[in-house]
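Below you'll find the structure, written out as structure tokens, and then a few comments.
The values are calculated or read from the model by the stated rules, or taken from the named source; none is laboratory data. The structure presented is a predicted model; accordingly, all values stated were derived computationally and were not measured. Cβ atoms come from the backbone with ideal geometry, glycine included; neighbour counts cover every protein chain shown.
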Amino acid sequence: MSEITIFEFVPGIILSIVALITTIAMNSAPRTRNIPSLFYICISNYFYVLFKCFDSFSILLNNEILAHIAGLMVFPEAFFLVIGINLTMKNKISSFGLYIIVGLGFILIFLTFQQIGNTILISYEDPLTTAKDILSDISIYFTIIILLYYFYWGVKTWINSPFLIKREALILLIGITLISVNAMILVFLGILFGYYLVFSSYISTTLGLILFMIAILKEPKLLYILPFKVYRLIVKDKNGYLLFSFNWSESYINNIIFTEFLNRIQFMSEEIIDRGELLNIHLRDGLLILNESKYITVGLIASKSSKLLRTSLNNFATDFEVLFKRLLKKFCIDMEEYKSSYRLIEKHFSNFPYKTIKSKKQPLLLNIEENDIPINIKKQLENVFDNESEYNSIKSDIIDSPNFLISKFFDFYDEMKQEIEDDNLKTIE
């Protein structure tokens, strides 16, 4: 067993372990496990792990059959990677590049099994040289396609990322560059000048995988920058009054004008849209998605529609009605009462990046602290509730409640407490 063999086997196994760990971490994290594009990218990574394992053991054992199986893994790796990147960039699976990969894949499978048959029946010394050369070329084509797709996606994501997640986009780009361009250059240099540079390509790819994982886990919004843009969400009641508005990007349309526009559309589409259904209205530069429910109409403007957007809008509308049902029944039109809807934005639209922040100096007014209640109310609650879980539950309800309800709550508590004390006195007497 030569030094070069060990020098390639050990780093290959280490790299496959790192790739497996980072893929499992991305695929199982709560914020990322339900993202379709990442799901396909993770499947591609699993095939990459298989490729590195078979390739490493083929080098260690000098086994040509394992080498052919390793080459076969490149096809599903490229296939699922391109699907994942297509979903990230275009929100659709098919593309011209995918058709090329499928065509090359069938050739790769045919030639691989032909070579495996020749290896078993004829022996290593008498293969079909032409077919073997073609097989090697196709494997190289697949590798180049994978690396170029990775790099192109990383560059486009970084260019189009909004300011708030620009740093994470740069980490993603550095990781992808280490995986793709840098690793490919080092491999070619290693072939020309020595295997020590091939070893450095393993280090480069390992660092790239770790950086890729960190960027995705820290900011899943990176996977939603390219397929579509979300511009604005607005909520109004059945009488046409604006209750809540939120912008993901700069808008020069006044809320009143936009609400009136929604009222006119709703009036014209009353016979088309049923309660709980969605209506898509194509605009010049985007799409208006309307959700009609019992008490409210929610309008969302985006560059185009998708299943994810429609599901998020439906869930937002449902939770909004549940959270503010008491106010909606009373026909409350005070927008201050609906401010806590920002939490619903974070809950249902957390994967869509904001484009309203352009610099570090610009204040960020989106996040609302959950513990942001007056100190005197906090102390009163602590005096009322000894149980920590009950205290936290009531506190979260009070945060979402209008101010007049808070005073009524404590008035009611004082009345009940007084009644209990009076009853105790009567019992003693």
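Structure notes:
- Search result, residues across region 66-113 that are among the aliphatic types (A, V, I, L, M) and surrounded by fewer than 16 Cβ atoms within 10 Å (Cβ to Cβ): ILE93, ILE100, VAL102, ILE107, ILE109
- Remark: pairs (first residue in region 298-315, more than 17 Å from TYR342 (Cβ to Cβ); second residue among the aromatic types (Phe, Trp, Tyr) and modelled with pLDDT under 85; Cβ separation under 7 Å; 6+ apart in sequence or on different chains) = ILE301/TYR231; ALA302/PHE228; ALA302/TYR231; SER303/PHE228; LYS304/PHE228; SER306/PHE228.
- Scanning region 33-62 for residues that are outside any helix (DSSP H, G or I) and modelled with pLDDT of 85 or more yields one hit, ILE35.
- Being in contact with a Leu (Cβ under 8 Å, 6 or more places away or on another chain) and either of a type in the set (Asp, Glu) or under 20 Å from LEU104 (Cα atoms) (or both) is a condition met by at least one residue of region 22-43.
- Identity of the residue in region 70-93, in a loop (DSSP other than H, G, I, E, B) and touching a helix residue (DSSP H, G or I) at 6+ places or on another chain (Cβ under 7 Å), that ends up farthest from ARG310 (Cα to Cα): MET73
- Here region 1-38 is the region considered, the condition is being out of contact with any helix residue (DSSP H, G or I) (no Cβ under 7 Å at 6 or more places or on another chain) and not β-branched (Val, Ile, Thr), and the residue that is surrounded by the fewest Cβ atoms within 10 Å (Cβ to Cβ) is PRO30.
- Of the strands (runs of 3 or more DSSP E) lying entirely inside region 272-360, those containing at least 1 residues that are among the hydrophobic types (A, V, I, L, M, F, W, C) and modelled with pLDDT of 75 or more are 287-292, 296-302.
- Close pairs from region 151-166: first surrounded by fewer than 17 Cβ atoms within 10 Å (Cβ to Cβ), partner assigned to a loop (DSSP other than H, G, I, E, B) and aromatic (Phe, Trp, Tyr), Cβ under 9 Å, at least 6 apart: PHE163/TYR354
- Contact annotation: no residue pair with Cβ atoms under 6 Å, 6 or more positions apart or on different chains, pairs a residue in region 56-82 that is farther than 16 Å from ILE140 by Cβ and not assigned by TED's automatic domain parsing to the domain that holds ILE13 with a partner that is charged (D, E, K, R) and part of a helix (DSSP H, G or I).
- Looking across region 162-207 at every residue that is farther than 30 Å from VAL230 by Cα and polar (S, T, N, Q), the one that is modelled with the highest pLDDT is identified as THR206.
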